[in-house]
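Take a look at the structure set out below.
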Amino acid sequence: MQYVNEIKTFFFQNTSAKQTIFKNTFWLSVSTVVNKLLALALVIYAARVLGAEEYGQFTFALAFVSLLMIFATFGLQPIVTREFAREEEKKEEFYSILSLKLVLAFCTFLLILATSFFVAQAHEIRIVILALGLFFLLNGFIGICYSFFHARQKMEYEAWFETLQTILIIALGLFVLFRFPSPANLSYAYVAAGFVSLVAMFAFFHFKIFPLKLQWDFLVWKKFLKMAWPLALIGLFGVIYSYTDSVMLGAWNMLEETGWYNAAYKIVTASLVPMGFVGAAFYPALSKFSKESAMQLQRAWNHELEIMIVLALPLVAGGMVLASNIIYSFYSVAFAPSILALQILILTAGFVFLYRPFYDVLIVLNQQTKTFWITVAGALLNVALNLILIPKYSLYGAAVATVATHFLVLLAMLFFVKRFTSMQLPLLRILLAFCISSASVSVMYVGIRYLLAYNVNLFLLVPAGATLYFLVFLFLRKYVALRFFKQAYA
């Protein structure tokens, strides 16, 4: 019984700074992995049931709504977390933030309604756009509550409600896809799950945290909008080059191509999960060392760089060689055009892995304005490339535009780190990491090709290839690199 109480205390109470950080990281990590995998499973199944064109309608609507949702969120969530973490009691301000969110949500819904007539010719697609818009707006109120939980360092609450909503979406989504498959009905399932989640969240908040009500304090609105608008601007340009490709494909009535493109893009997005965990693990240490020790900061950053290189190369190589197996394992033969799109887009994942350490160090060294201008440049470049390439090459043009954008973002990040920070690129260590990873990837490639000849299942191929890669990498690093290039790892 004592052990049970200790476990409950460790995972559900804040007792020390270190324990609280571990507890929050645990809950968010578990919920993120589980919820992303479940959500991915649903959209993959939806693609199989709906087919490329109807799935394209759904993903086009999703991308279009996501593009406009920045006007509803307006960068408020991180500001709410920051401000409420500084003072324990700000109930009156929270009431005013809820009323502000209500106004922003109403205005955004009107914007979605008005613009839907310009981007979607079919009435059915406009219905999906409005339904998904309503879902995201409901989610915005839940997000404000999450920000408050972050401020109180009670991330387990977010994990529970995220999981609840995911389960509701999966259950309702599967029911609709089994009985009444259509993009509109699937979007209704999202709205129903969002509504139930919001009611549950407000009930929990009202009785567990403090009673909720609306309060219309325009001075509070002005205060928070003034702090949040730079983040809203950054978010705007961020969503532009995240969703422009899908919106343009759908707006030009390439709905089947939109379905093929997003089928591949969902796989690439899922492959970025390890990068998020590595970055999240290193970011607190980098922040700490940036204030305490330049030498420790450099060493920690060197490690992050090496790990990202080690993860990026096999991901890109494996994605290219297994693209057809991946698409046919998750989707139907109707999604064959997604194979080439995946082979192109997987390069994006490699570039994101490589530039994450540069992004992290710019932030911890207070150079976030540089990342803003990189985001702006990336968004404008992405729009221009999509306008040029999509009419000629449809989804493959969109894929090339995405890869080119992220490659230039990598170059820009590298330039700004060298130009505006004291960080030194560990060139020998980077070169060694690339060489050892490339040699290990070559062995992995041979192994995968050998197993493919015997029609080994994808879900055995991936762990077998990863195991072979890391065994060869660890052997080469330990017995070759460390032996002859010790100075590079000092």
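To the nearest 0.05, how large is the calculated FRET efficiency for V103 and K291 if R₀ is 25 Å and r is the Cβ-Cβ distance?
The calculated FRET efficiency here is 0.05.
Take A281 and K91, extend 7 Å from each Cα along the Cα→Cβ direction, and tell me the distance between the two endpoints in nm.
Using points 7 Å along Cα→Cβ, the separation is 4.3 nm.
Which of the pairs K36/K370; K291/K418; K90/K213 have their Cα atoms more than 24 Å apart in this structure? Kindly include the intermediate steps, with their values, before the conclusion.
On the way: K36/K370 30 Å; K291/K418 19 Å; K90/K213 13 Å.
Cα-Cα > 24 Å for K36/K370; rest within.
Fewest to most neighbouring Cβ within 10 Å: what's the order for C145, C107?
C107, C145
Subtracting the Cα-Cα distance from 0.36 nm times the residue separation, let me have the gained length for F180 to S324 in nm, one decimal.
Between F180 and S324, full extension yields 48.9 nm more.
Mind sorting M254, M201 by how few other Cβ atoms lie within 10 Å of their own Cβ, fewest first?
Lowest to highest Cβ neighbour count: M254, M201.
Starting from the Cα of L460, move 7 Å in the Cα-to-Cβ direction to define the label point; list residues of the stretch 316-333 whose amide nitrogen is under 17 Å from there.
Inside the label zone: 325-326, 329.
Just to be sure I follow the definition: excluding the sites themselves, where is the longest run in the chain that has none of the chymotrypsin sites (Phe, Trp or Tyr not before Pro) in a DSSP loop with at most 13 other Cβ atoms within 10 Å?
The segment 217-453 is the longest one with no such site.
Counting other C-beta atoms within 10 Å, which of S324, S438, S246 has the fewest, and how do the rest follow?
Result, fewest neighbours first: S438, S324, S246.
Tell me, what ³J(HN,Hα) does each residue in the stretch 211-220 have, in order and in whole Hz, if you take phi through Karplus 6.51 cos²θ - 1.76 cosθ + 1.60 with θ = phi - 60° and put x for Gly and Pro?
In residue order, the calculated couplings are x, 9, 7, 9, 9, 9, 10, 5, 5, 5 Hz.
Using 1/(1 + (r/R0)^6) with R0 = 45 angstrom and r between the beta carbons of V34 and R419, what's the FRET efficiency to the nearest 0.05? Don't skip to the answer; put the middle values down first.
Working: r = 41 Å, r/R0 = 0.91.
Given R0 = 45 Å and the Cβ-Cβ separation, E is 0.65.
Specify the inter-centroid distance of the stretch 322-394 and the stretch 151-218, based on alpha-carbon positions, in whole Å.
30 Å
FYI, it's all coordinate maths here, none of it is from the lab. Keep in mind the model is a prediction, meaning the values are calculated, not measured. Quick reminder, even Gly has a Cβ in these numbers, built from the backbone with ideal geometry, and neighbours come from all protein chains shown.
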